[in-house]
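Beneath this line is the structure, given in structure tokens, with notes to follow.
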Amino acid sequence: MATMTFYELLGVETSASEGDIRKAYRKLALKYHPDKVSAEERDASEIKFKEITEAYEVLCDEDRRRDYDLGGYKSGQRGGPEFDFDFDFGGGFGNGRGGGGFGGDFSPDDFASFFGSGAGGGRQGRQSGGGSERVDLNIEFSTTVTLKDLYFGKLVKKTYTRDIICVKCKGSGLRKNAVEILCPTCNGHGLVEEYRRMSGLGGVMFVERVPCKNCDGKGMYSRADDRCRKCKGKGVTKEECTCEFEVKKGSPNDGIVTSKGFGNARPKMNTGDAILKYRYEADTDATSKEHNFQRDGNSLYTKLSINLTEALGGFESDRFIQTLDERWLNVKLPMGKVIRPGDSIVIKNEGMPILDSKSNSCGDLYVGVDILFPKDNWMLERGDVGKLSNLLGFVDRSKTKTKDAHGDENDDDNNENDVADVVPTVFQIKDKNSVPKSFNTYVNNTEVKTFGTENANSGWFGWFRW
């Protein structure tokens, strides 16, 4: 049969009328009916009888004959799948084999309805792109960002291949003046039903709707010669695309950036998007300045070490804090101003940029004050403030080199004027009860239980890598 057409099987011309086809079939049916031949010829006769019956059924049906003439019908294609059921529900359904049949009057649609699959559910009408198959046209990427990336903003470029609508056929998948018909396999639904046997339940069958392979789920069918040569009938072609994703300054540590319309395209469907998913990851460069900062929303946290004398009496010498954009902030504490354990210096507008702020506003910079206490037995002797400073092991800053916020020494004659972009700051002192708990040095350092021994992994400063 592979080398004979249905017309040849019945021995009629391609222009034969329905009456001619019926007449030819009756004659051949009498000749090849299994009951009319000997037992030795019965197997071959059954095959031949099925072939002429299929040819007759197709050519006597106007729609199916037209599909066959257009090349859209495949030999062996029937109105429904064949079933091989070996189970028996007390004889209520009967065993059906071959010919697409259940025993008795129980049809495949009845069986599908029995199991709640709603065999008719996929037949309500053709969906966009054929059946009701859900197609994800988005293209996703992932990357990591550092604190500096979130502080300054970052442009991420991705080059990839995507599907676009074919420019030659405008997405139809057809050549000019070509004819497209409803797919005869799925009747234009884009989906077909497959019956599968469920293991472990006595061979119970269930129905699954899958995209039709004959039309690739589109619901429409065309001959190979009628398909667009550029896209091979798919309606889309491949294109190399470069997309830029902007992670804006002040963006959250984890987020999504979407470029509309840069995903895959399908005929009669909205083009998908290109999506970048990013997450914060600490800079692997141990020398990076961002290790000196911790972020909480729009606020940044850092620390400054002072000795007990300065905590009690203030300090007029320059203290510099370098920001992520490499500016230097100058901090001075008036004489007589006391800083207590847990207090923080809050510098307004020096934290993280506020996302999409029209005025380029920033959050606050919280400077945790780490007070350096003297060794044991420091008060065995009494004296004035100068002697107390010496007893505590600290020297007069006016007579030696100063240190910046990170412990780096500055020469006597190379102080504020030698540091680029030094900015005077206006700040206020807040007690431990008025700053965020996550920043409160006093509350968090209660984890250090052994006096005189600081656990580097405990307390608020445990996250620093200094």
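We did not get these values from a lab; they are worked out from the coordinates using the rules stated. Everything quoted here is computed from the prediction, not taken from an experiment. Positions of Cβ are backbone-derived with ideal geometry, glycine not excepted, and every protein chain shown enters the neighbour counts.
Give me the distance in nm between label points sitting 7 Å out from Cα along the Cα-to-Cβ direction at residue 390 and residue 62, one decimal.
In this crude spin-label approximation the distance works out to 11.9 nm.
Using a Förster distance of 41 Å, how high is the FRET efficiency between residue 31 and residue 175, based on the Cβ-Cβ distance and rounded to 0.05? Could the numbers behind the result be given before it?
On the way: r = 43 Å, r/R0 = 1.05.
After rounding to 0.05, the efficiency reads 0.40.
Residue by residue through region 7-18, which ³J(HN,Hα) values in whole Hz follow from phi under the Karplus form 6.51 cos²θ - 1.76 cosθ + 1.60 (θ = phi - 60°), with glycine and proline marked x?
Karplus values, whole Hz, x for Gly and Pro: 5, 5, 4, 8, x, 10, 7, 5, 9, 4, 7, 5.
Suppose R0 equals 41 Å; then what is the FRET efficiency for residue 167 and residue 277 from their Cβ-Cβ distance, rounded to the nearest 0.05? List each step's numbers first, then the result.
Details: r = 31 Å, r/R0 = 0.76.
So, using R0 = 41 Å, E works out to roughly 0.85.
State the extension gain, in nm to one decimal, for the chain segment bounded by residue 160 and residue 270, taking 0.36 nm per residue of separation less the distance between their alpha-carbons. Could you put the intermediate results ahead of the total?
Details: separation 110, 0.36 × 110 = 39.60 nm, distance 1.94 nm.
Between residue 160 and residue 270, full extension yields an extra 37.7 nm.
What's the extension gain from residue 426 to residue 248 if we count 0.36 nm per residue and subtract their Cα-Cα distance?
That works out to 61.3 nm of additional length.
Separation of region 271-309 and region 16-53 by C-alpha centroid, Å?
Using only Cα atoms to place each centre, the spacing works out to 83 Å.
Using the Karplus curve 6.51 cos²θ - 1.76 cosθ + 1.60 with θ = phi - 60°, work out ³J(HN,Hα) for each residue of region 58-64 in order, rounded to whole Hz, and write x for Gly and Pro.
6, 6, 8, 9, 4, 5, 5
Order these by the 10 Å Cβ neighbour count, fewest first: 426, 210, 192. Don't skip to the answer; put the middle values down first.
Details: 426 7, 210 13, 192 22.
Result, fewest neighbours first: 426, 210, 192.
What ³J(HN,Hα) values, in whole Hz, does the Karplus curve 6.51 cos²θ - 1.76 cosθ + 1.60 give for region 353-366 when θ = phi - 60°, with x put for Gly and Pro?
My calculation for region 353-366 gives x, 7, 4, 6, 6, 6, 9, 6, 6, 10, x, 9, 9, 9 Hz in order.
For residue 373 and residue 213, compute 0.36 nm times the residue count separating them, minus their Cα-Cα distance, and round to one decimal in nm.
Working it through step by step, the gained length comes to 49.7 nm.
Checking the a/c ratio against 1.5 first, then a/b against b/c, what shape does the Cα gyration tensor give for region 139-242? Intermediate values should be presented prior to the final figure.
Working: a/c = 4.75, a/b = 1.35, b/c = 3.53.
It comes out oblate by the Cα gyration axes.
Applying 1/(1 + (r/R0)^6) with R0 = 60 Å to the Cβ-Cβ distance of residue 41 and residue 240, what FRET efficiency is obtained, to the nearest 0.05? Walk me through the numbers before you get to the answer.
Numbers: r = 63 Å, r/R0 = 1.04.
Computed FRET efficiency for residue 41 and residue 240: 0.45.
Non-local amide H neighbours of residue 307 (under 5 Å, H modeled in plane, Pro and chain starts lacking H): which ones?
Result for residue 307 returns 372.
Quote the Stokes-Einstein diffusion coefficient, in whole µm² s⁻¹, for region 175-295, based on the Kirkwood radius over alpha carbon pairs, a temperature of 4 °C and a viscosity of 1.567 mPa s.
Answer, rounded: 65 µm²/s.
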